[in-house]
1. Considering only region 60-80, how many residues are outside any strand (DSSP E or B) and either more than 12 Å from LYS17 (Cα to Cα) or out of contact with any strand residue (DSSP E or B) (no Cβ under 7 Å at 6 or more places or on another chain) (or both)?
2. Within region 72-101, can you find the residues that are touching a residue at least 40 places away in the same chain (Cβ under 8 Å) and either touching a Gly at 6+ places or on another chain (Cβ under 7 Å) or β-branched (Val, Ile, Thr) (or both)?
3. Could you grab me the full set of residues in region 90-111 that are hydrophobic (A, V, I, L, M, F, W, C), closer than 25 Å to ARG53 by Cα and surrounded by 13 or more Cβ atoms within 10 Å (Cβ to Cβ)?
4. For GLY42, state whether it is on the phi > 0 side of the Ramachandran plot, in a strand (DSSP E or B) and not polar (S, T, N, Q).
5. Only residues that are more than 19 Å from ARG82 (Cα to Cα), crowded, with 16+ Cβ neighbours inside 10 Å and within 23 Å of the chain's Cα centre (by Cα): list them for region 121-131, please.
6. So in region 1-39, with the set limited to residues that are part of a strand (DSSP E or B) and over 17 Å from PRO61 (Cβ atoms), which one is modelled with the highest pLDDT?
7. Residue under question is THR57, and the condition is that it be surrounded by 15 or more Cβ atoms within 10 Å (Cβ to Cβ) and part of a helix (DSSP H, G or I); does it hold?
Amino acid sequence: MLPLSAAPALALHDVSKRYGRRWALARLTYALPAGRSLLLTGHNGSGKTTLLRLLATALSPTAGRVEVLGRDAVVERDAVRRDVALLSHASFLYEDLTAHQNLTVLARLLGLPSPADAASDELTRVGLSRRSDSPVRSFSAGMRKRRRLPACCSRRRPSRCSTSPSASWTPRASATWRPSSRSSRPAASPSSWPPTSSSKA
């Protein structure tokens, strides 16, 4: 196995996933170098969300091996989860709590110092500081998604996965998602899918 510092950000080794008698993914092999991004496209039901859930350790492959930042996503699931954030269609927010309270809870779960201050800083960064004391139930779809950005863009989460990453976002929110806005590294370069003619996603 490669040292973690030299390992690709994401690696799929002959990965397949089956739901009952239906194969959602079949024998995917691919490696995404660190510092790059991958745009995954395809029609509904083609396996995109399944692949993202495998990378985020929400699912286990039926066959093959998934590696994230050099770690096996099944064997080292807990370690991988500390480095991965999945932004999905579901909000997973507490509707009756304010935006600031939601983020404070998250900051505590992540073990961040000064959770309340961290929540305030992140809400300012995504342009929601004026609504920090509003209950989440009053937020629009775009605002809800922006409220979830801090969890995914935290420096503790070097690997990010999202379904429809820019849907319902303002230009400012979209810029926040891009890795280049969070670090001094060169802007991430996109890779296309599928990586080989034999892969099916």
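The values are calculated or read from the model by the stated rules, or taken from the named source; none is laboratory data. Fair warning: this is a prediction, and the values are worked out from it, not measured in the lab. Note: ideal-geometry Cβ built from the backbone for every residue, glycine included; neighbour counts use all protein chains shown.
1. The qualifying residues number 11.
2. Selection gives VAL84 alone.
3. Those that are hydrophobic (A, V, I, L, M, F, W, C), closer than 25 Å to ARG53 by Cα and surrounded by 13 or more Cβ atoms within 10 Å (Cβ to Cβ): LEU93, LEU103, VAL105, LEU106, ALA107, LEU110.
4. For GLY42, the condition - on the phi > 0 side of the Ramachandran plot, in a strand (DSSP E or B) and not polar (S, T, N, Q) - is not met.
5. Listed by number, the residues that qualify are LEU123, ARG125, VAL126, LEU128.
6. ARG36
7. Judged against the criteria, THR57 is not a match.
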